[in-house]
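K.L.:
Once you've had a glance at the structure underneath, I'll fire off some questions.
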Amino acid sequence: QVHLAESGGGSVQAGGSLRLSCQVSGHTYSTGSMGWFRQASGKEREWVAGIVRGSGSGYYANFVEGRFTISGDITKNTVYLQMNSLKPEDTAMYYCAANFRYSGWGVALFDYWGQGTQVTVSS
């Protein structure tokens, strides 16, 4: 019903920036909220940022607030994650996810997931 495809990952030096994109296709009207998650090697998947349909406000995990910005462009069916001042601890596979309805930012609450895009930050 909904397909998500991430892009924009890569390798950067600490302090650098990347912008991730999530292209949404299929029944895009079914997405009540969108989120970015990340999973580092040996760690569980964790929520990074989120945005709710009908609201322009972004929501952020404490460890990225002030450095990352989530935004959406409904015309392009795309959600972005602008990442500035990157740190080595930001290294992870980053995933885009969608809920049919907003019900929170927990991993188990999201219905659709992309395949991920790798972000590597060097010291």
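K.L.:
Read phi for every residue in the stretch 69-80 and hand back ³J(HN,Hα) as whole Hz from Karplus 6.51 cos²θ - 1.76 cosθ + 1.60, θ = phi - 60°, with x for Gly and Pro.
P.N.:
9, 9, 8, x, 10, 5, 4, 9, 6, 9, 10, 10
K.L.:
Here is a further query. How about the stretch 21-80: which GluC sites (Glu not before Pro) there are in a DSSP loop, with at most 13 other Cβ atoms within 10 Å of their Cβ? Can you show the working numbers first?
P.N.:
Values: sites: GLU44, GLU46, GLU65; in loops: GLU44.
When the GluC sites (Glu not before Pro) of the stretch 21-80 are filtered for loop state and at most 13 Cβ neighbours within 10 Å, GLU44 remain.
K.L.:
Still on this structure, please answer the following. Can you give the FRET efficiency to the nearest 0.05 for PHE100 and SER123, using r as the Cβ-Cβ distance and R₀ = 41 Å? Kindly include the intermediate steps, with their values, before the conclusion.
P.N.:
On the way: r = 40 Å, r/R0 = 0.99.
The formula returns an efficiency of 0.50 here.
K.L.:
Moving on to the next point. In square angstrom, what is the accessible area per residue of the chain with a 1.4 angstrom probe?
P.N.:
Averaged over the residues of the chain, the accessible area is 52 Å².
K.L.:
Hey, with R₀ at 35 Å, roughly what FRET efficiency would ILE74 and GLN39 work out to, going by the Cβ-Cβ distance, to 0.05?
P.N.:
Values: r = 27 Å, r/R0 = 0.78.
Computed FRET efficiency for ILE74 and GLN39: 0.80.
K.L.:
Mind ranking THR120, THR69, THR78 by accessible surface for me, highest first, 1.4 Å probe? The partial results should precede the final answer.
P.N.:
On the way: THR120 50, THR69 70, THR78 10 Å².
If we order THR120, THR69, THR78 from most to least accessible, we get THR69, THR120, THR78.
K.L.:
Heavy atoms only, probe 1.4 Å: what % of the accessible area of the chain goes to carbon and sulfur, would you let me know? Provide the component values of the computation, followed by the final result.
P.N.:
Numbers: 3010 of 6380 Å².
Here it works out to 47 percent.
K.L.:
Rounded to the nearest 0.05, what FRET efficiency do ARG67 and GLN1 give with R0 = 22 Å and r taken as the Cβ-Cβ distance? Could you check?
P.N.:
On the way: r = 33 Å, r/R0 = 1.50.
Between ARG67 and GLN1 the formula returns 0.10.
K.L.:
Still on this structure: Starting from the Cα-Cα distance between GLN23 and GLN115, subtract it from 0.36 nm times their residue separation and give me the gain in nm to one decimal. Let's see the in-between values first.
P.N.:
Details: separation 92, 0.36 × 92 = 33.12 nm, distance 1.16 nm.
In short, 32.0 nm is gained.
K.L.:
Using DSSP to define loop residues, name the trypsin sites (Lys or Arg not before Pro) in the stretch 1-105 whose beta-carbon has at most 13 other beta-carbon atoms within 10 Å.
P.N.:
On the way: sites: ARG19, ARG38, LYS43, ARG45, ARG53, ARG67, LYS76, ARG101; in loops: LYS43, ARG45, ARG53, ARG67, LYS76, ARG101.
Answer in residue order: LYS43, LYS76, ARG101.
K.L.:
Could you grab the Rg to Rh ratio for the chain? Cα atoms only, Kirkwood for Rh.
P.N.:
Numbers: Rg = 13.4 Å, Rh = 14.2 Å.
Radius of gyration relative to Kirkwood radius: 0.94.
The values are calculated or read from the model by the stated rules, or taken from the named source; none is laboratory data. Remember, it's a predicted structure, so these values are computed and weren't measured experimentally. Here the Cβ is made from the backbone with ideal geometry for all residues, glycine too, and neighbour counts use every protein chain on show. The area values use the complete protein model at the heavy-atom level, side chains included, leaving out ligands, DNA and RNA. Shrake-Rupley method; radii C 1.70, N 1.55, O 1.52, S 1.80 Å.
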